[in-house]
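A.B. asks: Here it is, the structure in full.
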Amino acid sequence: MPTDQDNPRVAGAGLGIDAGGTQTRWALAAPGGAILAEGTVDGLSALQMATPHGRDAVRAIFERLAEAVLQHAHPVRVQAGLTGFGGDGELLQGWLAALLGVAPGDVTLCNDIEIAYRASFAPGEGYLVYAGTGSIGAFIDEHDVFHRAGGRGVVLDDGGGGFWIAREALRHIWRNEDERPGCWQESPMAHAVFEHIGGSDWAQSRQFIYQSERGTVGKLALAVAASAEHDPAARAILVAAGHELARLASALIARFGARPVALAGRAAELHPLIADTMRAALPPTTAFTRTGSRAHHAAARLALV
């Protein structure tokens with residue numbers, strides 16, 4: 001049986017949470033920054049807190065996350081980055097505190113992009129473009145002030161993100177069907193898309209795009225990327241996604257000057273065309289890198305600060 005000296009809670013373990021629309025990742029860090037354990041649960045968004053059904057779903061995901069975390073350690077502090085978070089987090093903070101057995105004041109919430117930025121750059125060092133279910137360009141300046149380009153939500157924009165890619169694919173397919181009914185059968189992308197959503201009838205597409213959670217819709221981008229080698233329309237959508245992401249970086253460069261640019265997020269990893277197109281669209285002197293998705297590690301280490 002572990003003693004108090006062996007208990008990671010006594011040792012001061014920090015829990016980091018990176019909650020996105022398609023996946024929520026967590027990590028436990030020991031003092032000094034070594035990662036003790038990590039895992040994943042279903043995706044969530046702070047925007048779900050607007051409805052009773054959404055709140056129930058978020059609470060259930062937090063319960064599964066806490067159960068998994070507590071199998072490894074009892075954290076003393078928590079740093080959580082949530083997509084869609086706008087600052088009103090008292091209920092979310094209370095849930096996490098109760099489930100993990102910490103004081104509410106030891107749970108810090110922020111937008112997920114702030115965690116992702118700090119996983120890539122020190123304040124003032126560069127620009128992060130993050131493409132997950134949505135998309136955003138981020139810059140935290142030398143005074144720790146957060147600046148954005150995009151990130152306005154999938155209904156308004158979020159060009160180049162997974163939801164946007166999925167929407168563009170369905171738009172292309174159904175516009176073609178308006179003009180030539182049945183032509184989807186000639187399209188590898190349409191076959192992949194309809195297989196993903198479970199059928200080729202408009203009623204199935206309508207239910208998928210209008211009734212599914214945004215993260216569920218974003219996963220349809222996987223089908224688009226999988227068909228890119230065989231369908232020019234899929235390739236064109238991925239190239240357009242790269243241009244959309246380059247626009248975010250270019251907007252920050254125009255406002256704050258030349259700095260390195262990093263691209264991160266699961267949608268950015270869908271196909272090389274996205275990053276290659278983005279890189280080609282930026283000024284040739286721009287230092288450009290693709291970063292791994294380790295924001296949950298950064299959050300765990302921030303919890304220790």
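The values are calculated or read from the model by the stated rules, or taken from the named source; none is laboratory data. This structure is a prediction, so every number in the text was calculated from the model and none was measured. Every residue, glycine as well, gets a Cβ built from its backbone with ideal geometry; the counts of neighbours run over all protein chains shown. To get the accessible areas, we keep the full protein, side chains included, count just its heavy atoms, and leave off ligands, DNA and RNA. Shrake-Rupley method; radii C 1.70, N 1.55, O 1.52, S 1.80 Å.
A.B. asks: Restricting attention to region 129-151, and to residues there that are surrounded by fewer than 24 Cβ atoms within 10 Å (Cβ to Cβ) and part of a loop (DSSP other than H, G, I, E, B), which single residue is modelled with the lowest pLDDT?
C.D. replies: Filtering region 129-151 for residues that are surrounded by fewer than 24 Cβ atoms within 10 Å (Cβ to Cβ) and part of a loop (DSSP other than H, G, I, E, B), the one modelled with the lowest pLDDT comes out as G151.
A.B. asks: So, one more: Of these, V154, V102, V193, which one is assigned by the TED database to the domain that holds E229, open to solvent by less than 40 Å² (accessible area, probe 1.4 Å), of a type in the set (A, V, I, L, M) and part of a loop (DSSP other than H, G, I, E, B)?
C.D. replies: V154
A.B. asks: Only one of these conditions is not met by S212: (1) at pLDDT below 95; (2) open to solvent by 90 Å² or more (accessible area, probe 1.4 Å). Which number is it?
C.D. replies: (2)
A.B. asks: Quick one: is G126 surrounded by fewer than 24 Cβ atoms within 10 Å (Cβ to Cβ) and without any contact (Cβ under 8 Å) to a residue 40 or more places away in the chain?
C.D. replies: When the stated conditions are applied, G126 does not pass them.
A.B. asks: Looking at (1) part of a loop (DSSP other than H, G, I, E, B); (2) within 25 Å of A262 (Cβ to Cβ); (3) open to solvent by less than 30 Å² (accessible area, probe 1.4 Å), can you tell me which one A73 breaks?
C.D. replies: Tallying (1) part of a loop (DSSP other than H, G, I, E, B); (2) within 25 Å of A262 (Cβ to Cβ); (3) open to solvent by less than 30 Å² (accessible area, probe 1.4 Å), A73 fails exactly one: (2).
A.B. asks: Follow-up. What single numbered condition from (1) touching a Ser or Thr at 6+ places or on another chain (Cβ under 9 Å); (2) part of a loop (DSSP other than H, G, I, E, B) fails to hold for G86?
C.D. replies: Result: G86 fails condition (1) only.
A.B. asks: Only one of L273, L302, L263 is of a type in the set (A, V, I, L, M, F, W, C), closer than 22 Å to D18 by Cβ and open to solvent by 20 Å² or more (accessible area, probe 1.4 Å); which?
C.D. replies: Result of the check over L273, L302, L263: L302.
A.B. asks: If you don't mind, another one. Any residue in region 218-225 that is over 16 Å from E269 (Cβ atoms), open to solvent by less than 80 Å² (accessible area, probe 1.4 Å) and not assigned by the TED database to the domain that holds V58?
C.D. replies: Looking through region 218-225, none of the residues is over 16 Å from E269 (Cβ atoms), open to solvent by less than 80 Å² (accessible area, probe 1.4 Å) and not assigned by the TED database to the domain that holds V58.
A.B. asks: Under 7 Å by Cβ, and 6 or more places apart or on different chains, what pairs join a residue from region 46-57 that is closer than 17 Å to T133 by Cβ with one that is among the β-branched types (V, I, T) and surrounded by 15 or more Cβ atoms within 10 Å (Cβ to Cβ)?
C.D. replies: Hits for this filter: A46/T83; Q48/V58; M49/V58.
A.B. asks: Here's a follow-up. Just for region 9-51: of the residues that are in a loop (DSSP other than H, G, I, E, B), among the small types (G, A, S) and crowded, with 21+ Cβ neighbours inside 10 Å, which one is farthest from the chain's Cα centre (by Cα)?
C.D. replies: The selected residue is A13.
A.B. asks: If Q48 satisfies every condition in (1) modelled with pLDDT of 95 or more; (2) more than 18 Å from G101 (Cβ to Cβ) but one, which is the exception?
C.D. replies: (1)
A.B. asks: I've got another one for you. Of all residues in region 103-120 being of a type in the set (D, E, K, R) and under 16 Å from G132 (Cβ atoms), which is modelled with the highest pLDDT?
C.D. replies: Result: E114.
A.B. asks: Continuing with the same structure: Answer with yes or no whether Q93 is under 30 Å from V154 (Cβ atoms), outside the structural domain of S212 (by the TED database), open to solvent by 10 Å² or more (accessible area, probe 1.4 Å) and modelled with pLDDT under 90.
C.D. replies: Answer is no for this residue.
A.B. asks: Anything in region 164-182 that is small (G, A, S) and either touching a helix residue (DSSP H, G or I) at 6+ places or on another chain (Cβ under 6 Å) or surrounded by 19 or more Cβ atoms within 10 Å (Cβ to Cβ) (or both)? List them, or say none.
C.D. replies: Of everything in region 164-182, those that are small (G, A, S) and either touching a helix residue (DSSP H, G or I) at 6+ places or on another chain (Cβ under 6 Å) or surrounded by 19 or more Cβ atoms within 10 Å (Cβ to Cβ) (or both) turn out to be A166, A169.
A.B. asks: Restricting the search to region 162-180, which residues are aromatic (F, W, Y) and closer than 22 Å to L273 by Cβ?
C.D. replies: F163, W164
A.B. asks: Tally the residues that are among the charged types (D, E, K, R) and at pLDDT 85 or above, restricting the search to region 1-44.
C.D. replies: Residues in region 1-44 being among the charged types (D, E, K, R) and at pLDDT 85 or above: 4 in total.
A.B. asks: If you check R255 against the conditions, is it outside the structural domain of L47 (by the TED database) and either within 23 Å of the chain's Cα centre (by Cα) or open to solvent by less than 10 Å² (accessible area, probe 1.4 Å) (or both)?
C.D. replies: No, not satisfied.
A.B. asks: Condition check: open to solvent by less than 40 Å² (accessible area, probe 1.4 Å), more than 17 Å from A300 (Cβ to Cβ) and aromatic (F, W, Y). Does F62 satisfy that?
C.D. replies: Here the answer is no, as F62 does not meet what is asked.
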